1. Got at least one residue in the stretch 89-109 being of a type in the set (Phe, Trp, Tyr) and closer than 16 Å to Ser127 by Cβ?
2. For the subset of the stretch 239-274 comprising residues that are at pLDDT 75 or above and within 22 Å of Leu423 (Cα to Cα), which member is surrounded by the fewest Cβ atoms within 10 Å (Cβ to Cβ)?
3. Do the conditions hold for Thr13, that is, is it assigned to a helix (DSSP H, G or I) and within 25 Å of Glu151 (Cα to Cα)?
4. Of all residues being outside any helix (DSSP H, G or I) and under 24 Å from Ile12 (Cα atoms) in the stretch 172-218, which is nearest to the chain's Cα centre (by Cα)? Just the residue, please.
5. Looking only at the stretch 367-402, how many residues end up being within 14 Å of Gln443 (Cα to Cα) and either assigned to a strand (DSSP E or B) or not charged (D, E, K, R) (or both)?
6. Out of the stretch 16-41, which residues are in contact with a strand residue (DSSP E or B) (Cβ under 8 Å, 6 or more places away or on another chain) and aliphatic (A, V, I, L, M)?
7. Do any residues in the stretch 150-163 that are more than 13 Å from Ser127 (Cβ to Cβ) have Cβ atoms under 8 Å from those of residues that are among the small types (Gly, Ala, Ser), where the two are at least six apart or on different chains, and which pairs are they?
8. If we keep just the residues of the stretch 443-465 that are touching a Ser or Thr at 6+ places or on another chain (Cβ under 8 Å) and in a loop (DSSP other than H, G, I, E, B), which is modelled with the highest pLDDT?
Amino acid sequence: MHSIRIQLITFITAVLLIFLVMLNIYPITSSRDLIFEEKKSALSSQAAVVASSLSGLDRLGPESVGEVLQLLDLGGFSRTVIAAADGTVVYDDGGAAGAVSENEDVLAALAGQCVFRSRFTEEAFSSSYSMPVTSRGATIGAVQLCEHDSERAELISAIQSRLMRFSLLIGAVALVFAGLFSTVLLHRMRQLVESIRIVAGGNYAHRLKTRGSDEIAELGNEFNLLTERLEDTERQRRRFVSDASHELKTPLASIRLLSDSIVQNGTMDAGTMREFAADIGNEAARLQRTTEKLLDLSRLDDGVQVISEPVDLKQTAVDALAVLRPLAAEKDVKIRCELDDGCVVMANTDDMFHIVFNLMENAVKYNVPGGSVLVSAKNEDDKVLLTVADTGIGIPEADRLNIFGRFYRVDKARSRASGGSGLGLSIVHDAVLAHGGTIAVGQNKPQGSVFVVSFPRPTSEETGI
């Protein structure tokens, strides 16, 4: 966490430094450049006036130039230099008159160029403008005006000093706020990390208290949803283990009791022994059925990919009916089928048989003597519908939301007596979802239950038919 805090503060500090540097440089630079432009404009105008006035002279001499400059009454310049065509300084209020000029800007002006220079220091703006003096198309001299402006330089320096102090104040306040912000942010992140550790330790009931609507709060809400799902999963796992243990323990206990009775009773007659052996076989078959269903559920939970192929729903129902005829005859239940041709779905053949067989078997098992079961399959728009309706004992509305849960029984005593494990509808539900379908249960009129399974209707390209 400390490294994240350092990185966060470092990033904020870097951004702040860039902002403060720009705050200190840009306004000063812009102000200085504006003053440079103003100086250039003003000095060039004044130099043009002087050059124009001197251009009326035949030649530039100390007396004539002095008279013209006296008439112009130039003021505000720190130095004025006038040079003749040969480079001799004919006028210089700085004291260099009479000498040959070595000023590069003056020499450039004698060559016909206009030269502006300006330099800013904390003390003053030092500016100069050099311009040729022409008469009848020929250069007869050069004029240079120099200015030393300390007032504006002091103003710029004062602004720069104030900006510096203001920047330092802003920087200090921003760093304090950055520290507070990072402390609060990392505290919330530590709470989230601590909550993750608590949940990782097995306390799935723990919830993180969230506030606000920012990304961390959203992350906390997602964490709470995840832990809620984990808690539900753990609750279902424990219930599943408990129910599975009970389902497996019951037939094992029966087998153990029957086998002990045979061993301990040395005078048991052959008929009773065969009866006990038959009971052991029934319990073993029950144990096998439960184990196979648990393996089917495990396969569906693991999401093992199976190769889908075109499955004829009509033929699947006919195959299931052939297996269930003895049971239906034993229960005195009639099974009617209304199966349309061309009801094809893309699925695994074994899964489809389990779906149809389990629904039909439940409809027979939990029916009443003299009852009936109607199995229908038909195409409807872009769906294939399988309907299994019975006239049996029905399912109370309060139990319909739970019947697809594992080991759930509406009537536990009657379901166990009929050999049910409470896993059949779970297998049906998971298999239907695995193949992109939906399943719903309702009340059959006037009595019984109706299950409706819907699958996507495949295209001819998918089925190859």
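1. Checking the stretch 89-109: not a single residue is of a type in the set (Phe, Trp, Tyr) and closer than 16 Å to Ser127 by Cβ.
2. Applying the filter and picking the extreme gives Leu252.
3. Considered against the rule, which asks whether it is assigned to a helix (DSSP H, G or I) and within 25 Å of Glu151 (Cα to Cα), Thr13 comes out as no.
4. Asp214
5. Result for the stretch 367-402: 15.
6. Ile35
7. Filtered contacts from the stretch 150-163: Ile156/Ser31; Ile159/Ser31.
8. Only one residue tops the list, namely Gly448.
The values are calculated or read from the model by the stated rules, or taken from the named source; none is laboratory data. Because the structure is a prediction, the values reported are computed rather than measured. When we count neighbours, we look across all protein chains shown, and the Cβ atoms used for this are built from the backbone with ideal geometry, even at glycine.
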